[in-house]
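J.: Supplied in structure tokens, the structure appears directly below.
The values are calculated or read from the model by the stated rules, or taken from the named source; none is laboratory data. What you see is a predicted model, and the numbers here were worked out from it, not measured in a lab. Here the Cβ positions follow ideal geometry from the backbone for every residue, glycine too, while neighbour counts run over all protein chains shown.
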Amino acid sequence: MTQASAESGTWSRRAFSTEFKLEAVRLLGERRVLGVSLAQVGRELGVPPDLLRKWVRPEKRWLARKLASEEGYSFTADYVSTHVPNWTRLLEDYRDRPGVRMLEIGSYEGRSTVWFLANVLTHATASIVCVDIFTRAAYALRFDHNIRVSGVGHKVTKLQGPSHTILRKLPRDHFDVIYIDGWHEAAYVLKDGVMSWHRLKPGGVMIFDDYLWDLHKPARDRPQIAIDVFLESFAGQYEVLLKDYQVAIRKRTIAGGL
Ligand SMILES: C[S@@+](CC[C@H](N)C(=O)[O-])C[C@H]1O[C@@H](n2cnc3c(N)ncnc32)[C@H](O)[C@@H]1O
């Protein structure tokens, strides 16, 4: 492995650890989404672009090996901690309740799934369906690892694919709790909201993430307008439990128009 010295324009030799390579590939994915070139990311990390490109392919193998030797959870991001007080309050009635069925759209590395398993789906007969496209193998590997570590993997059904395709196949009036945290563009959030609504049991709770996410972006690129349109469209059929960074509603038991 070699590393460049940007100042001199020549590359000096340096060994890179597997952890460094994994982190570099993860960062590359994150920065590429924002439109940053591979060459630029290479410069930022002090890694020749050709070498960085070569690291992308074996990432899955490296990560699988690394995770196999880890006993604890493995997460690279935390989209959960700030919501714990609200989730605890909103979902306390479901804790220890038999047969609770949850649906999660957007599971990523499984951090929220693991939280729901440990704090809501605590009865032996509770379960969760996790829908995600898992755009990178690393996300699915971490999800699988974390679910394994949770010790209650038998409660989890992982469905990989776009939510609008998968939701169509799920039964109506079936889930007690639905968490929507998938693709953040308004059109997708609206579609996830409407399709999920028909899959939520009367009396069930649906939570939208990211109502206040990235408010500086055009409305079509973020969830807020979709959640507002959803709330307007289904007005009268739910009770609002929370309207803050997240929005939570309970479906009325006698819901007109369904
Ligand atoms: C913010 S992350 C979810 C975080 C997770 N709920 C947590 O708290 O740890 C969003 C996830 O949505 C998934 N996703 C994006 N678009 C999707 C789509 N159309 N269908 C299914 N999943 C999607 C992404 O792959 C990503 O894993």
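J.: Within the stretch 45-83, how many residues turn out to be away from the ligand (no atom under 16 Å from the Cβ), among the β-branched types (Val, Ile, Thr) and not in a helix (DSSP H, G or I)?
T.: Residues in the stretch 45-83 being away from the ligand (no atom under 16 Å from the Cβ), among the β-branched types (Val, Ile, Thr) and not in a helix (DSSP H, G or I): 1 in total.
J.: If you go through the stretch 65-91 one residue at a time, how many are more than 17 Å from Asp181 (Cβ to Cβ), aliphatic (A, V, I, L, M) and surrounded by fewer than 15 Cβ atoms within 10 Å (Cβ to Cβ)?
T.: So the answer is 1.
J.: To continue, here is another question. Could you pull out the residue among Lys169, Lys158 that is of a type in the set (Lys, Arg), away from the ligand (no atom under 11 Å from the Cβ) and under 14 Å from the mean Cα position of the chain (by Cα)?
T.: Testing whether each residue is of a type in the set (Lys, Arg), away from the ligand (no atom under 11 Å from the Cβ) and under 14 Å from the mean Cα position of the chain (by Cα) leaves just Lys158.
J.: Looking at the stretch 151-196 only, could you name the residues that are of a type in the set (D, E, K, R) and under 22 Å from Asn119 (Cα atoms)? Break it down into steps so the answer makes sense when it comes.
T.: First, the residues of the stretch 151-196 that are of a type in the set (D, E, K, R): 155, 158, 168-169, 172-173, 176, 181, 185, 191-192.
Lys155, Lys158, Asp176, Asp181, listed by residue number.
J.: Could you please give the count of residues in the stretch 133-143 that are farther than 25 Å from Pro171 by Cβ and part of a helix (DSSP H, G or I)?
T.: 5
J.: When the residues of the stretch 119-162 are filtered to those that are buried (at least 17 other Cβ atoms within 10 Å of the Cβ) and of a type in the set (Lys, Arg), which remaining residue is nearest to Glu92 (Cα to Cα)?
T.: Ranking the candidates gives Lys155 first.
J.: Step by step: first the residues of the stretch 29-63, then only those that are of a type in the set (A, V, I, L, M), in contact with a helix residue (DSSP H, G or I) (Cβ under 6 Å, 6 or more places away or on another chain) and within 30 Å of Gly153 (Cβ to Cβ), then the one that is surrounded by the most Cβ atoms within 10 Å (Cβ to Cβ). Which residue is that?
T.: Leu63
J.: Further, regarding this structure: Are any of the residues in the stretch 69-90 in contact (Cβ under 8 Å) with a residue 40 or more places away in the chain, under 30 Å from Val41 (Cα atoms) and of a type in the set (D, E, K, R)?
T.: The answer is yes, given that some residue of the stretch 69-90 is in contact (Cβ under 8 Å) with a residue 40 or more places away in the chain, under 30 Å from Val41 (Cα atoms) and of a type in the set (D, E, K, R).
To keep it simple, each residue is scored yes or no on (1) modelled with pLDDT of 95 or more; (2) more than 10 Å from the ligand (Cβ to nearest atom); (3) outside any helix (DSSP H, G or I).
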site	(1), (2), (3)
Pro85	yes, yes, no
Arg89	yes, yes, no
Pro98	yes, yes, yes
Ser107	yes, no, yes
Val114	yes, no, no
Thr122	yes, yes, yes
Val131	yes, no, yes
Ile147	yes, yes, no
